[in-house]
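Down below is the structure, laid out as structure tokens.
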Amino acid sequence: MMTSVGTSRRSLLAASAATAATGLAVTGCGSDDDGESSSKRKPGEKIQMTFWAWVPGIDKAVDLWNKQNPEIQVRLEKVSPHNSAQYAKMHSALKAGNPPDLAQVEYMNIPEFLLEKGLVELSEYGADKQKDKFVGWQWEQVVYDGGVYAVPQASGPMGLFYREDLYSKWNVEPPATWDDFEAAAKKIRKQGAYIDTFPASMGPWLAGLAWQAGAEWFRTEGDAWKVAIDSEPTRRVAEFWEGLVRQKLVKTLPVMQSPWYSALQSSDVVSWVSAQWGDALISGNAAKTKGKWRVAPMPQWKKGAGASANWGGSTTAVFSGAKHPQEAMDFAVWLNTDPKSIDLLIAGGYGWPAAKKGFEGSRLDRPSDFFGGQKYNDVFAASDKAVDTSWKWGPTTVAMINHMTDALTDAINSKGSFTDAMKTVQKQVIADMRDKGLKVEAA
Amino acid sequence: MARSRLHSSRNRAAVGFLLPFCVLFLATFIAPICYALYQSLFKVERSGALGLGGETEVFAGLSNYTHALEDSQFLEGFARVLLFGVVQVPVMILLATVLALLLEAASARGVVFFRTAFFLPYGVPGVIASILWGFLYVPGISPFVEMFHSAGFDVNFLSEGNLLWAIANIVTWEFTGYNMLILISQLKAVPDELYEAARIDGANAWQVAIRIKLPLIRPALVLTTVFSIIGTLQLFSEPLVLKPLTGNIDTGYTPNVHAYNEAFQSNNYNVAAAEAVLLALVACVLSFGFMRLVGRRGKVGDE
């Protein structure tokens, strides 16, 4: 029904109003059957659960579960992760009262689902006992108000991908601090290339950088939210990147889109501050640069501080209305902790395991030809351990990212300051949250 | 007696034929509109920071409408599509008219081929057309950008200033042939005797086109223009598809995109419903306004 709104161009006025309205009507009808339907599985009873996810290769892990658990079958449905289409689908399904039993939900989108009462609190089913199996900060990402609302799956500890061949040819060291990064950017620019790009549309990336600088954009205090997007650490990050953009030391291309891939292939852009899962994107889209890339730790604000951050990451969440929440949670825990399952997920390229022991001995834990024989994931393993655990996301993430894209693009186009842009975003986010009927104030 | 019985059985038959239409009309047209109107008058209130304390739907009066009308992005979106329409619609209709007149006048071979060729883009779904053109716009991939570049011009089709016209180009490409076909079909309906009479009176081809053909296809011109005005207000898939390729398409680029984001990205269904109602109203006012405008002028001309 989303596409019907889109493709109804040039239809009659009447028809257009109807499609626009049906879209809302379908998504708007009641969700009366929440919760009441959950039941205990009788021994020997066969059940089937639906699971919405998008990471490549997850079908293999689900197949393995189905083979091992003939009575508890999981039916995987792939959803599109583009432009938050998956969340539109999930929220619509929740509203319409026919959500899946389980779905992949990114860490940053969990509070949005809490607001809609979309997720099952899992400590009732023993989730709190699973805490020790997961990396500390990742576990904290699924805990809200003392409740456990999902099972961690994967994350994106950050580091710096760089072209070792060009760096050494141009006599550039991998930058240890952000000051070094700027100096390196100047050197690289003199060679006609760019050190990196500033992607205005990547709010979560910028959040990662602010996270590293010590920002805490959201926290709750009692029944009120405190928003600190417009804060000292964020301002420092915003000013730094604005400086690079104004001096034309970085491109402003959107990353993970064809223009950027072509810039990687032609060595126009020679490094990328990114998450661990960036490895697959580089090797998959610039295959001819094989052997020339390396990974270095993220540049630091204070030399040797070892501060890290995260970009991306998902959970497996049980949706309200799931008929068998216990079995759903058991599956989610198995999916994200069983070594064989993790192996299959890693092979598919799902990111960085949330399970504590997921990395050791896996295929990530060995030298890579693409990265010139470097055991590059050691960098990310250290990065994952150094991520600040106190970071929380707000309840309007998708809208926040949109605001950020709009404000930063405006700033780039009309030369307004990036710090003002972040101020604008904070105001908009607070207004959004108030519209949701929440108590909120600037921290 | 016999006549009235015939009448009533005919009526019954008519009702029988109309019933499926009426049911569908009510279910798919009237009901959703009522539901959208209803939704636009409510809002959700929550308790607790995470909303875990529960939510209630409360009557909001017109606050969703004021919310929408106070949103500068939403209003800018309207201004943008209006600017778009003022430029793109006349260009496209003019182009379609010229093509229709040419193809109708030409007696040479290839007319059918050209007619089909011009109509073909309409068969390409809007999303696909946008992806296709997107690749022709993106620097680093587009042969056009490359061509301009080697000729010494630095063109960026997706820059803030050019973007709207890059989209106008896609829309024109998609719909010119479609409008042309409507105009041609009306031209076909003009009896040959009229042309013959004109020729006997000494009118040349140009005069026939201006004095006879154009006035006679007036209804088709009005129709295609109204469709185009509505289409402009509905602008949706093109900006949505191009969005990832450029940072310059914001959340409120067009009113439709704004309502979509409000509903499916921010989960504010009530505000989105209000915006959809406002959009429908504006479309209504503009298309009926246009019809009245040309209708009145037509009458003045007749007198």
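Tabulated data
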{"quantity": "Some residue of segment A:388-407 being under 21 Å from A:Asp343 (Cα atoms), of a type in the set (Val, Ile, Thr) and either at pLDDT 95 or above or touching a helix residue (DSSP H, G or I) at 6+ places or on another chain (Cβ under 9 Å) (or both)", "calculated": "no"}
{"quantity": "Yes/no for B:Leu214 being more than 25 Å from A:Glu116 (Cβ to Cβ), more than 9 Å from chain A (Cβ to nearest Cβ) and in contact (Cβ under 8 Å) with a residue 40 or more places away in the chain", "calculated": "yes"}
{"quantity": "Candidate set: segment B:253-263, residues that are open to solvent by less than 20 Å² (accessible area, probe 1.4 Å) and within 8 Å of chain A (Cβ to nearest Cβ); chosen: the one nearest to A:Gly437 (Cα to Cα)", "calculated": "B:Ala263"}
{"quantity": "Residues of segment A:306-325 that turn out to be modelled with pLDDT of 95 or more and surrounded by fewer than 17 Cβ atoms within 10 Å (Cβ to Cβ), as a count", "calculated": "0"}
{"quantity": "Residue that is surrounded by the fewest Cβ atoms within 10 Å (Cβ to Cβ) [pool: residues in segment A:410-443 that are of a type in the set (Gly, Ala, Ser) and free of Cβ contacts under 8 Å to residues at least 24 places away in the same chain]", "calculated": "A:Ser414"}
{"quantity": "Matching residues in segment A:82-127 - criterion: being of a type in the set (Phe, Trp, Tyr) and within 11 Å of chain B (Cβ to nearest Cβ)", "calculated": "A:Tyr87, A:Phe113"}
{"quantity": "Residues being in contact with a Pro (Cβ under 9 Å, 6 or more places away or on another chain), farther than 17 Å from A:Lys131 by Cβ, open to solvent by less than 30 Å² (accessible area, probe 1.4 Å) and not in a helix (DSSP H, G or I) - total across segment A:326-355", "calculated": "2"}
{"quantity": "Residue in segment A:249-262 that is more than 30 Å from A:Pro353 (Cα to Cα) and more than 23 Å from the chain's Cα centre (by Cα) present", "calculated": "yes"}
{"quantity": "Total residues in segment A:113-129, condition open to solvent by 10 Å² or more (accessible area, probe 1.4 Å) and not in a strand (DSSP E or B)", "calculated": "10"}
{"quantity": "Subset of segment A:224-243 [aliphatic (A, V, I, L, M) and crowded, with 21+ Cβ neighbours inside 10 Å]", "calculated": "A:Val227, A:Ile229, A:Val237, A:Ala238"}
{"quantity": "Hey, A:Ala407 hydrophobic (A, V, I, L, M, F, W, C), over 26 Å from B:Val257 (Cα atoms) and open to solvent by 10 Å² or more (accessible area, probe 1.4 Å) or not", "calculated": "no"}
{"quantity": "Inter-residue pairs, beta-carbon under 6 Å, first at the interface with chain A (Cβ under 8 Å from one of its Cβ atoms) and in segment B:266-277, second among the charged types (D, E, K, R), 6+ apart", "calculated": "B:Asn268/B:Glu262; B:Val271/B:Glu262; B:Ala272/B:Glu262"}
{"quantity": "Every residue from segment A:55-67 that is open to solvent by 30 Å² or more (accessible area, probe 1.4 Å) and out of contact with any strand residue (DSSP E or B) (no Cβ under 6 Å at 6 or more places or on another chain)", "calculated": "A:Pro56, A:Lys60, A:Asp63, A:Leu64, A:Lys67"}
{"quantity": "Those residues of segment B:281-292 which are facing chain A (nearest Cβ under 7 Å) and either in contact (Cβ under 8 Å) with a residue 40 or more places away in the chain or outside any helix (DSSP H, G or I) (or both), in sequence order", "calculated": "B:Ala283, B:Ser287"}
{"quantity": "Flag for B:Ile217 being open to solvent by 40 Å² or more (accessible area, probe 1.4 Å), more than 30 Å from A:Ser92 (Cα to Cα) and aliphatic (A, V, I, L, M)", "calculated": "no"}
{"quantity": "Qualifying residues in segment A:145-162 (those that are over 17 Å from the mean Cα position of the chain (by Cα) and open to solvent by less than 10 Å² (accessible area, probe 1.4 Å)) - the one farthest from A:Pro56 (Cα to Cα)", "calculated": "A:Gly147"}
{"quantity": "Failed item in (1) open to solvent by 70 Å² or more (accessible area, probe 1.4 Å); (2) within 14 Å of another protein chain (Cβ to nearest Cβ), with A:Tyr261 passing the rest", "calculated": "(1)"}
{"quantity": "Residue in segment A:406-420 that is closer than 30 Å to A:Trp139 by Cβ and out of contact with any strand residue (DSSP E or B) (no Cβ under 9 Å at 6 or more places or on another chain) present", "calculated": "no"}
{"quantity": "Members of segment B:222-245 that are open to solvent by less than 10 Å² (accessible area, probe 1.4 Å) and in contact with a Leu (Cβ under 6 Å, 6 or more places away or on another chain)", "calculated": "B:Ile230"}
{"quantity": "Any chance B:Ser228 is within 9 Å of another protein chain (Cβ to nearest Cβ), of a type in the set (Gly, Ala, Ser) and more than 30 Å from B:Arg292 (Cβ to Cβ)", "calculated": "no"}
{"quantity": "Pair list, Cβ < 8 Å and 6+ apart or interchain, from segment B:20-44 residues that are on the phi > 0 side of the Ramachandran plot to residues that are acidic (Asp, Glu) and open to solvent by 50 Å² or more (accessible area, probe 1.4 Å)", "calculated": "none"}
{"quantity": "Residue list for segment B:241-252, restricted to those being more than 14 Å from B:Val138 (Cβ to Cβ) and more than 7 Å from every other protein chain (Cβ to nearest Cβ)", "calculated": "B:Gly252"}
{"quantity": "Failed criterion for A:Thr389 (all others in (1) open to solvent by less than 40 Å² (accessible area, probe 1.4 Å); (2) more than 14 Å from chain B (Cβ to nearest Cβ); (3) closer than 30 Å to A:Asp435 by Cα hold)", "calculated": "(1)"}
{"quantity": "The one condition in (1) in contact (Cβ under 8 Å) with a residue 12 or more places away in the chain; (2) of a type in the set (S, T, N, Q); (3) open to solvent by 30 Å² or more (accessible area, probe 1.4 Å) that B:Gln88 fails to fulfil", "calculated": "(3)"}
{"quantity": "Qualifying positions in segment B:45-67 - of a type outside the set (A, V, I, L, M, F, W, C) and touching a residue at least 24 places away in the same chain (Cβ under 8 Å)", "calculated": "B:Asn64, B:Tyr65, B:His67"}
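For (1) more than 30 Å from A:Leu94 (Cβ to Cβ); (2) in contact with a strand residue (DSSP E or B) (Cβ under 7 Å, 6 or more places away or on another chain), each residue gets a yes or a no:
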residue	(1), (2)
A:Gly304	yes, no
A:Gly313	no, yes
A:Lys323	no, no
A:Ala332	no, yes
A:Ser341	no, no
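Condition check ((1) within 30 Å of A:Val429 (Cα to Cα); (2) in contact with a Ser or Thr (Cβ under 6 Å, 6 or more places away or on another chain); (3) within 14 Å of chain B (Cβ to nearest Cβ)) across all residues:
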residue: A:Ala215; (1), (2), (3): yes, yes, no
residue: A:Glu221; (1), (2), (3): yes, no, yes
residue: A:Glu232; (1), (2), (3): yes, no, no
residue: A:Thr252; (1), (2), (3): yes, no, yes
residue: A:Ala275; (1), (2), (3): yes, no, no
residue: A:Ala280; (1), (2), (3): no, no, no
residue: A:Gly284; (1), (2), (3): no, no, no
residue: A:Lys290; (1), (2), (3): no, no, no
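The values are calculated or read from the model by the stated rules, or taken from the named source; none is laboratory data. Since the structure is predicted, the reported quantities are computational estimates derived from the model, not experimental observations. Cβ sites come from the backbone with ideal geometry, for glycine too, and all protein chains shown count toward neighbours. Surface areas here come from the heavy atoms of the whole protein model, side chains and all, with no ligands, DNA or RNA. Shrake-Rupley method; radii C 1.70, N 1.55, O 1.52, S 1.80 Å.
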